[in-house]
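Each value in this text was obtained by applying a stated rule to the coordinates, not by laboratory testing. No experiment lies behind these values; they were computed from the predicted model shown. A quick note on method: Cβ atoms are made from the backbone with ideal geometry, for glycine too, and the neighbour counts reach across all protein chains shown.
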Amino acid sequence: MNIAEAKKLKEFEEIAIEKAKKQRAQYLRELNKDIKNEAQKVISAAQSQSEVYVDNLLTFLIMEKNKEIAGEKMRLKRELADLRKEHEDKIFSAVKEKLDEFVLSPHYGAYLAEGIRRMLRYSNRFLLNKPDMVYKENFERTLYVEVLPSEEDFYGGFKAVTSNKNIVIDNSFKVKLDALREAFMGFEVDTI
């Protein structure tokens, strides 16, 4: 091989090497670009999955906390209802005791007479509790009414029976006490 051929061969080799280097650099750039794109896809997918996982976990934790809060709220409502019932029973037991004391007092007969007097325009027949029948003779004589014993105990007071339609006007302590209890029970304060 002569010098010219060796020179040409050397030039060809350099050109080939340069071209191979450029191709290799281009290939590496494309490979790096593809690797970056794939890595970005993997990272995006992982981020999406982790966001979904975190969202699901957060939703689950919120639901669990809400269940816990709802359970505690129900427990507190039951406790409040029990306390309310306890106080209601104490209050109405005390009221019932006061009514019992009043029924035994000398003022009770005057209370009945005044109540019957106010009802005379509606009725002249009245029902009293059996223990209150001690007032029967006095009321029939002084108020000119018919007094009958009631079959049911209504703690005190009286019931007026209208003559034309047999309507009972209930002015008994039981009805008044029941109305108060119903009003008391209907007064709800939901602060929980």
For this session: Within 10 Å of each residue's Cβ, count the other Cβ atoms and sort V161, V175 from fewest upward.
Result: V175, V161
For this session: Filter the trypsin sites (Lys or Arg not before Pro) in the stretch 73-124 to those in DSSP coil with at most 10 other Cβ atoms within 10 Å of their Cβ, and list the result.
Result: R121
Problem set entry | Cross-link pairs K96/K174; K98/K159; K98/K136; K130/K174; K85/K159; K96/K176 - those with Cα-Cα distance over 19 Å | K98/K159; K98/K136; K85/K159
Exercise. Hey, what do the phi angles of the stretch 164-170 turn into as Karplus ³J(HN,Hα) couplings, whole Hz, using 6.51/-1.76/1.60 and θ = phi - 60°, x for Gly and Pro?
Worked result: 7, 10, 6, 8, 9, 9, 8
For this session: Check each of the trypsin sites (Lys or Arg not before Pro) in the stretch 124-183 and keep only those in coil by DSSP with at most 16 other C-beta atoms within 10 angstrom; list them in order.
Result: K165
Exercise. Where both residues lie in the chain, what percent of DSSP beta bridges are antiparallel, nearest 5?
Worked result: 65 percent
Seminar exercise, completed: With a ≥ b ≥ c from the Cα gyration tensor eigenvalues, square-rooted, and the rule rounded for a/c under 1.5, otherwise prolate when a/b > b/c and oblate otherwise, the stretch 1-104 is prolate
Exercise. Can you give the convex hull volume of the alpha carbon atoms of the stretch 106-186 per residue, in Å³?
Worked result: 104 Å³
Seminar exercise, completed: Residues I17, I3 in order from fewest to most other beta-carbon atoms within 10 Å are I3, I17
Exercise. Remind me, relative contact order of the chain in percent, using alpha carbon pairs under 8 angstrom and six or more residues apart?
Worked result: 14 percent
